[in-house]
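The values are calculated or read from the model by the stated rules, or taken from the named source; none is laboratory data. Small disclaimer: the values here were computed from a predicted structure and weren't measured. Glycine gets a Cβ as well: all are built from the backbone with ideal geometry, and neighbour counts include every protein chain shown.
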Amino acid sequence: MTARTVTFNIESNLHLIGRPGHVFNERGTFSGSQSGTIEIRFTSVTHTSGEATFAAYSSHGGSVSGHASTKGHVVGATVYFNGNLTVTGGTGQWAHASGRNLRFSGTVDRHTFNAKTHMQGSITV
Amino acid sequence: MPRKVATVLPVVMMLWCLSGPTPARASDTVNMSVAFSPYRLGRSTTLKIRLKFGVKGAPTGIPAPVTRFDMQIPATLELIGSSLGLAVCTPAALLAGGWPGCSPNARLGLGSADIDLPLGPSPVSESARIEAEMGPPVGEDVGVLLYTEATTPVAAQLIFPGLLLEGGGGQGLDAFVPPIPAAPGGPDVSLVSMNLSLGPEHLTYYEKVGGTTVRYHPRGISLPAKCPSNGFRFVSKIAFQDGTAVTASSAVPCPPRRRH
C-alpha cells in the first residue's frame with residue numbers, strides 16, 4: 001500500500017484527570033480533519049521547556065499517537081502553550097502514521113485545569 | 001503628622017529597600033532562608049522566604065540601601081501547575097484602593113518587612129505589611145506587584161512592579177529598588193528584614209458556584225515528585241547603593257525518605 005499524506009488539523013477540548021501539578025493528565029474529544037477522543041499527558045511544562053504525549057482515538061477506528069515539545073506562559077488564569085509535535089505511530093488504519101514539526105498550541109484554564117489544544121500539520125499514513 | 005506616600009515606582013519587583021543613616025559599607029550582609037510549607041514532594045506548597053540584612057562586625061549597624069534584588073528559583077518549582085493569581089491586579093487599582101482594591105483571586109502571597117527610618121540620632125523602626133499580587137504580564141513574563149503599606153510613624157504605600165523571569169536553567173525574581181527617603185531630602189530608609197510567603201497559606205479565593213460565592217484555598221506552587229540530588233537551591237544577589245553586591249544562598253534539603 002502506498003504511503004499518502006493527509007491533513008492533521010484538530011481541535012481538542014479536554015478536562016483534567018487526577019490532580020494538577022508537574023504532570024497533567026487530560027482527556028477529552030477532538031474534531032476537525034479527524035474526530036474522536038484524545039488523551040494528553042503534559043509533563044513539567046515551564047516557560048522554557050516541557051513535554052506532552054498524546055493518543056488520539058478516531059471515531060472511525062484506529063489511533064494516532066506522538067509527543068510534543070512545548071513551553072507555556074501564565075497570563076492571569078490562563079496558561080498559553082505552544083510547541084512542535086511529532087506523530088510517531090498509531091493503530092489500525094493509522095498504524096504507520098508519522099509526521100514531524102506539526103504545530104501544537106493551546107491553553108490551560110488554571111482554575112479548572114481544563115485544556116484546549118490545536119494540532120496542525122500533515123502526517124504520512 | 002505622618003507623611004503619606006502613594007506612588008508607583010518605575011521598576012521591577014520584589015524587595016523593598018533600605019538604607020541607613022550611615023554611609024554604605026562594603027560589609028553589608030544578607031542571610032536568606034527558604035522553606036516549604038507544607039513540604040511534601042509532588043504536592044503544592046507555600047514558599048517562605050526570609051531575608052535578614054546587617055553589617056558585618058556591627059550587630060546593631062544599619063545596612064546600606066538595596067538597589068537590586070535578583071533571586072534565582074529552581075526551575076522545578078512551577079507556577080503553571082498552581083491556581084495562584086487567577087485574576088490580574090493593575091497598579092492603578094492598587095494605588096486607588098490598596099490591596100482591597102484588587103480581586104482577592106489576584107493575591108500571590110503576603111508578608112512583612114522591618115525597616116529603619118533615619119529620623120533622628122537613632123533610627124526608628126517600623127513594620128510594613130507586604131502583599132504580592134499578580135500583575136499585568138510583560139511579554140511572556142509574569143508580572144508581579146509588590147504592595148507595601150506602613151502606617152506609623154511614617155505612613156507609606158509603595159508599589160513595586162516586577163517580573164518573574166524565565167530563562168537558562170531556572171527562573172528568577174528580579175527587582176530594581178529605588179531609594180526611598182525617610183523624609184523629603186533626607187537619607188533613605190533601610191530594610192533590615194523581610195518575610196514573604198508565596199502560596200496558598202493564609203490566602204482565600206472566591207468563586208461562584210450555582211449563584212453562590214464559595215471560599216476556597218488556591219493551589220500553590222507545585223513541588224516535583226523527585227527531589228533534586230542537592231535539594232532545592234535558591235540564590236539571591238543583592239546590590240547595594242554603594243555599588244557592592246552580596247550573594248546569599250539557601251537550600252531546602254530533600255525530605256527524609258519515608259519508611260514503609
Conditions (1) under 30 Å from B:Val88 (Cα atoms); (2) buried (at least 18 other Cβ atoms within 10 Å of the Cβ); (3) not hydrophobic (A, V, I, L, M, F, W, C) -> A:Ser58 fails only (1)
Go through (1) part of a loop (DSSP other than H, G, I, E, B); (2) without any contact (Cβ under 8 Å) to a residue 60 or more places away in the chain; (3) over 22 Å from B:Ser222 (Cα atoms); (4) not hydroxyl-bearing (Ser, Thr, Tyr) one by one and return the number of the condition A:Gly90 breaks.
(1)
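Residues are listed down the side, and each one gets a yes or a no for (1) within 18 Å of the chain's Cα centre (by Cα); (2) surrounded by 20 or more Cβ atoms within 10 Å (Cβ to Cβ); (3) within 14 Å of chain A (Cβ to nearest Cβ):
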{"position": "B:Leu41", "(1), (2), (3)": "no, no, yes"}
{"position": "B:Leu47", "(1), (2), (3)": "yes, yes, no"}
{"position": "B:Phe53", "(1), (2), (3)": "yes, yes, no"}
{"position": "B:Pro59", "(1), (2), (3)": "no, no, no"}
{"position": "B:Thr67", "(1), (2), (3)": "yes, yes, no"}
{"position": "B:Met71", "(1), (2), (3)": "yes, yes, no"}
{"position": "B:Trp99", "(1), (2), (3)": "yes, yes, no"}
{"position": "B:Ala106", "(1), (2), (3)": "yes, yes, yes"}
Take the conditions among the aliphatic types (A, V, I, L, M) and not in a loop (DSSP other than H, G, I, E, B) and apply them to A:Val64. Does it pass?
yes
Could you check region A:40-55 and list, in sequence order, the residues that are under 18 Å from A:Thr107 (Cβ atoms) and part of a strand (DSSP E or B)?
A:Ile40, A:Arg41, A:Phe42, A:Thr43, A:Glu51, A:Ala52, A:Phe54
Filter region A:18-48 down to the residues that are free of Cβ contacts under 8 Å to residues at least 12 places away in the same chain and out of contact with any Gly (no Cβ under 7 Å at 6 or more places or on another chain) and list them by number.
A:Gly18, A:Arg19
Looking only at region B:127-145, decide whether some residue is more than 14 Å from chain A (Cβ to nearest Cβ), touching a residue at least 12 places away in the same chain (Cβ under 8 Å), among the β-branched types (Val, Ile, Thr) and touching a Cys at 6+ places or on another chain (Cβ under 8 Å).
no
Matching residues in region A:72-95 - criterion: being away from every other protein chain (no Cβ under 14 Å) and either under 15 Å from the mean Cα position of the chain (by Cα) or under 19 Å from B:Val142 (Cβ atoms) (or both):
A:Asn84, A:Leu85, A:Thr86, A:Val87, A:Thr88, A:Gly89, A:Gly90
Could you tell me which residue of region B:52-111 is farthest from B:Arg215 (Cα to Cα), considering only residues that are in contact (Cβ under 8 Å) with a residue 12 or more places away in the chain and polar (S, T, N, Q)?
B:Thr67
Hey, A:Phe113 free of Cβ contacts under 8 Å to residues at least 60 places away in the same chain, buried (at least 16 other Cβ atoms within 10 Å of the Cβ) and among the hydrophobic types (A, V, I, L, M, F, W, C) or not:
no
What are the residues in region B:188-221 that are within 14 Å of another protein chain (Cβ to nearest Cβ), part of a strand (DSSP E or B) and within 19 Å of the chain's Cα centre (by Cα), if any?
B:Leu198, B:Ile221
Residues satisfying the stated conditions in region B:50-99, i.e. of a type outside the set (Gly, Ala, Ser), assigned to a strand (DSSP E or B) and farther than 29 Å from B:Asn230 by Cβ:
B:Val55, B:Thr67
Index of the failed condition, B:Glu133 passing every other in (1) surrounded by fewer than 19 Cβ atoms within 10 Å (Cβ to Cβ); (2) at pLDDT 90 or above:
(1)
